[in-house]
Amino acid sequence: MKTSNLISNYKKATIELLLLKLLSEQDMYGYQLSQELKKRSSQNYTILEGSMYPILYRLSDDKMISFHEEKAGKRQTRIYYHLEESGLSYYKELLKSYREYSKLIEFLIDSKEGDIYE
């Protein structure tokens, strides 16, 4: 398997977590979410709309986030996403699980025979 395929799989597994992270800071619209991830990662993390919007729609259907429209110019409107209280709780659970699992994987990578994870 190529490294790029592995990175793609890692991204798929973390998109939801990262979107919730950004929305925990402030309401944002879709393009803003993707650009913020790109900016914070020094252009190393890009997210395609085809990957991002289905997650936002599902989170909205699950009442984790809500959205509202705002005018941006004469003809354009932007849909801003807002993290609801249930979404914040979910984000915290996801983050905790991610950190615990990452810690386990790091241990396993660095372990040798006889080491036991605690």
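FRET efficiency for the pair Leu6 and Lys103, taken as 1/(1 + (r/R0)^6) with r the Cβ-Cβ distance and R0 = 30 Å, rounds to 0.95.
Note on the chain: GNM, Cα springs under 10 Å; of Ser24, Ser42, Ser34, the largest mean-square fluctuation is that of Ser42. Compactness of the chain was expressed as the Cα radius of gyration divided by 2.2 N^0.38 Å, which yields 1.28. With the charge dipole of the chain set up from +1 on Lys and Arg Cβ and -1 on Asp and Glu Cβ about the Cα centre, the Cα lying farthest toward the positive end among the listed residues Ile7, Tyr57, Ile79 is that of Ile79.
Calculated FRET efficiency, Glu84 to Asp110, Cβ-Cβ distance, R0 = 41 Å: about 0.60 to the nearest 0.05. When +1 charges are put on Lys and Arg Cβ atoms and -1 charges on Asp and Glu Cβ atoms, the dipole computed for the chain relative to its Cα centre reaches about 660 debye. Annotation: extensible slack from Asp62 through Gln35 equals 7.2 nm (criterion: 0.36 nm per residue apart, minus Cα-Cα distance).
Only helical runs count toward this figure. For the chain, summing -39,500 (n - 2.57) over DSSP H runs of n ≥ 4 and dividing by all residues gives -21000 deg cm²/dmol at 222 nm. What do you get for trypsin sites (Lys or Arg not before Pro) in region 32-118 restricted to DSSP loop and a cutoff of at most 12 other Cβ within 10 Å of the site's Cβ? Of the trypsin sites (Lys or Arg not before Pro), the ones in loops of region 32-118 whose Cβ has at most 12 other Cβ atoms within 10 Å are Lys63, Lys74, Arg75, Lys112. Between helix 3-25 and the chain, what is the angle of the helix's C-alpha long axis to the longest principal axis, kept within 0 to 90° and rounded to the nearest 10? Between the helix axis and the principal axis of the chain, the angle is about 50 degrees. Amide H to amide H, with H built 1.01 Å from N, Tyr29 comes under 5 Å of Tyr81, counting only residues 5 or more places away or on other chains.
All of the numbers you see were taken from the coordinates with simple rules; none came from a lab. On a predicted model such as this, the values are computed, not experimentally measured, just so you know. All Cβ positions, even for glycine, are placed from backbone atoms using ideal geometry, and neighbour counts span all protein chains on display.
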